[in-house]
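Below is one structure, written out as structure tokens; comments come after it.
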């Protein structure tokens with residue numbers, strides 16, 4: 001019974017950030033689409049399909065532009081502090097924020113593709129990305145943290161791996177990610 005509960009919680013942790021993000025985008029889209037349609041119906045006798053999507057893309061792009069300005073940074077820091085203090089919200093917020101920053105932006109983590117020997121007897125290797133080089137903070141020496149994305153999925157596993165079992169790959173990180181996520185179907 002404990003295993004089932006643990007699996008349920010693990011499943012919830014996997015699906016919740018994605019579901020919440022998609023649901024929020026859906027609500028914003030619905031609100032924008034409805035509001036804009038009502039506004040334009042006053043001037044035009046017809047509906048404009050996709051107006052909410054266009055408005056959502058413009059708003060997200062504008063927020064990205066504002067996020068780069070010096071005026072918006074203090075507001076962003078304040079919002080970040082507030083969300084980090086909320087009990088349940090901080091777990092979801094920090095996980096989503098860290099995941100997004102790992103893929104894009106200045107905090108990009110998945111930029112060093114590697115091949116890791118996972119079975120010395122059969123010479124089995126697995127492709128992943130070094131995420132942390134120095135693990136002395138958690139008391140581990142001569143090992144690195146390697147993230148292994150799952151194929152055909154947006155999840156993965158992180159392993160602590162001896163440096164001697166890692167071989168750096170001389171390919172772009174985006175190509176390595178496409179190769180892994182596609183299950184090796186996409187050519188590098």
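What distance in nm lies between label points placed 7 Å from Cα along the C-beta direction at residue 36 and residue 85?
Those two pseudo-labels are separated by 3.6 nm.
Any idea how far apart residue 70 and residue 167 come out in nm if each label point goes 7 Å out from Cα toward Cβ?
Output for this residue pair reads 5.0 nm.
Over all alpha-carbon pairs in the stretch 113-181, figure out the percentage whose distance exceeds 19 Å.
33 percent
Using a Förster radius of 35 Å, what is the FRET efficiency between residue 133 and residue 175 based on their Cβ-Cβ separation? Nearest 0.05, please.
Working from the Cβ atoms, E equals 0.95.
Using r as the Cβ-Cβ distance of residue 111 and residue 1, and R0 as 45 Å, what FRET efficiency do you calculate, to the nearest 0.05?
0.60
Laboratory data are not the source of any read-out in this text; all were calculated from the coordinates shown. Here the structure is a predicted model, which means the values were calculated and not measured. Glycine gets a Cβ as well: all are built from the backbone with ideal geometry, and neighbour counts include every protein chain shown.
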